[in-house]
């Protein structure tokens, strides 16, 4: 009987820890999207290259590619090809995404028949994937979904996670690679759009 009580207490502790971990997140969302989604008839999304504020070379490309891939696999939207967006930016002589104003976004939408664009920045991107000293990965991303016709922000979020945030118990569930953490975070972010 004593062992059964210990097992029940241990089970309760594990379940409480899981609930606490599952509820803790640095995930802020603003969204007027659910109210307007039907009205706007969003079918096609373009992902603009993310801005790299992290200092880690290649971080913006990884996040941009991850958004493109996961949006495409979700099947919820048609995703404009990355090459077409890059060609548009090259033709318009856009050196940085920060140069894009509402008129340029509107022109992009008209030319490529896009309803909305996702734009954003990579704030943090640390952790070792390639022979670096093994550290817990940390990724922070800001993203916005903009209606190309009006320039209105329909959805925006800031998401920051560490590989340790996914630990269930005794180290299980920990994400050890910055690429895997990025994929997991982008999946969570896109779930809030659908």
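Annotations for the structure displayed:
- Mean separation of Cα contacts under 8 Å (6+ apart) over length of the range 57-192, as relative contact order %: 21 percent
- Residue-span extension gain [residue 53 to residue 65] - 0.36 nm each, minus C-alpha spacing: 2.7 nm
- Report note on the peptides 96-105, 55-64, 72-81: ranked by the mean count of other C-beta atoms within 10 Å, highest first, their order is 55-64, 72-81, 96-105.
- The Rg/Rh ratio for the range 52-99, using Cα coordinates for both the radius of gyration and the Kirkwood hydrodynamic radius, is 1.02.
The numbers here are math on the coordinates, done by the rules we state, and not lab data. What you see is a predicted model, and the numbers here were worked out from it, not measured in a lab. Please note: Cβ atoms are built from the backbone with ideal geometry, for glycine as well, and neighbour counts cover all protein chains shown.
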